[in-house]
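The values are calculated or read from the model by the stated rules, or taken from the named source; none is laboratory data. All values derive from a computational prediction rather than experimental measurement. As a convention, Cβ positions derive from the backbone with ideal geometry for all residues, glycine included, and neighbour counts pool all protein chains shown.
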Amino acid sequence: MSKNLKISLGVSYLFILIIFLYFIYRFIEFSRLDDFSYYKELQSSLKIYISTNMVINLFYFSIFAIVWIALLGFGSPILIISGILFGQWFGTFISIISISFGALILYSIGNFFFRDLVKEILEKKFEKYIQLFQKNEFYYFFIYRFVGGLGVPFGLQNLLPILFGMKKFNYFFASLLGFIPSFFIMNTIGAGLNTYVAQAKTFSMIEFIMTPEIYLPILMFAVLMILSLLIKKKFFDNAN
């Protein structure tokens with residue numbers, strides 16, 4: 001059953017990826033990618049499409065994000081896209097909820113079917129952290145999420161708690177709260193990109209970077225990274 005599930009997950013992932021690429025190739029004119037006016041047209045069309053039925057589009061996006069994360073998809077593209085489509089606040093809200101649920105589903109699947117495999121791959125690498133997490137799994141997993149998962153690829157981050165049998169309730173809410181700062185910043189960047197395209201007449205990299213909607217979240221991200229490194233050093237690098 002485990003082997004069949006691996007095949008099913010792999011096929012499902014490829015199917016979703018193919019659908020995603022299909023829509024990209026269908027609706028994006030690649031011959032105009034060097035034309036800034038084309039991005040303005042796309043931005044205007046997306047704004048009209050999303051605003052016509054915000055609730056339904058939020059629902060569709062949420063379902064896609066949950067499935068994408070559950071199938072080991074990357075988190076960053078989802079965050080940027082949610083900021084572009086739904087703005088700073090709605091984008092942050094829907095991406096936090098969706099990715100937290102997707103991560104929980106992935107954790108549940110991995111814990112049920114692939115526990116031994118995950119332990120075989122990750123246990124030695126994170127051996128010194130296991131006892132630390134077991135002291136207070138919610139607190140330390142929240143910090144783990146806050147610092148960006150110790151540099152571990154996002155899909156593997158979601159599977160790490162299998163090593164210490166974390167409760168699903170703690171897993172979900174520690175993830176949800178720990179995601180907030182970085183998800184807010186990434187969605188702000190996406191929303192800033194959307195605003196810049198709508199307002200600018202021509203593209204200028206200098207003007208783009210100097211736009212408050214862009215450089216402020218980048219500065220926030222830099223501060224968050226410095227803070228994350230300090231927290232990582234205090235709580236994880238010095239773990240006994």
Among the residues that make up the stretch 88-108, is at least one of them at pLDDT 90 or above, farther than 25 Å from Ile16 by Cβ and surrounded by fewer than 20 Cβ atoms within 10 Å (Cβ to Cβ)? yes
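Which of the residues that make up the stretch 37-63 are closer than 20 Å to Leu176 by Cβ and either free of Cβ contacts under 8 Å to residues at least 24 places away in the same chain or exposed (fewer than 14 other Cβ atoms within 10 Å of the Cβ) (or both)? Show your work before the answer.
Filtering the stretch 37-63 for residues closer than 20 Å to Leu176 by Cβ gives 58-59, 61-63.
Answer for the stretch 37-63, where residues must be closer than 20 Å to Leu176 by Cβ and either free of Cβ contacts under 8 Å to residues at least 24 places away in the same chain or exposed (fewer than 14 other Cβ atoms within 10 Å of the Cβ) (or both): Phe59, Ile63.
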Tell me the residue from Tyr60, Tyr49, Tyr139, Tyr129 that is over 22 Å from Phe221 (Cα atoms), of a type in the set (Ser, Thr, Tyr) and at pLDDT 90 or above, please. Tyr60
Looking at Ile99, Ile94, which one is closer than 22 Å to Leu14 by Cβ and under 15 Å from the mean Cα position of the chain (by Cα)? Ile99
Single residue of the stretch 201-223 satisfying the filter (loosely packed, with under 10 Cβ neighbours inside 10 Å and either β-branched (Val, Ile, Thr) or in contact with a strand residue (DSSP E or B) (Cβ under 6 Å, 6 or more places away or on another chain) (or both)) that is nearest to Glu41 (Cα to Cα): Thr202
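Being over 24 Å from Ile66 (Cβ atoms) and at pLDDT below 90 narrows it down to one residue among Gly155, Gly151, Gly165; which is it? First the steps, then the outcome.
Working: Gly155 fails: over 24 Å from Ile66 (Cβ atoms); Gly165 fails: over 24 Å from Ile66 (Cβ atoms).
Every option except Gly151 fails the conditions.
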Within the stretch 131-173, the count of residues that are surrounded by 15 or more Cβ atoms within 10 Å (Cβ to Cβ) and within 14 Å of Lys119 (Cα to Cα) comes to 10
Test each condition in (1) out of contact with any Lys or Arg (no Cβ under 6 Å at 6 or more places or on another chain); (2) surrounded by 17 or more Cβ atoms within 10 Å (Cβ to Cβ); (3) not polar (S, T, N, Q) for Gly178 and report the one that comes out false. (1)
Checking the structure you have, find out if any residue of the stretch 70-81 is at pLDDT 85 or above, touching a Gly at 6+ places or on another chain (Cβ under 6 Å) and either aromatic (Phe, Trp, Tyr) or surrounded by 14 or more Cβ atoms within 10 Å (Cβ to Cβ) (or both). yes
With the stretch 151-230 as the region, which helices (runs of 4 or more DSSP H) entirely inside it contain at least 3 residues that are of a type in the set (A, V, I, L, M) and out of contact with any Pro (no Cβ under 6 Å at 6 or more places or on another chain)? 168-199, 205-210
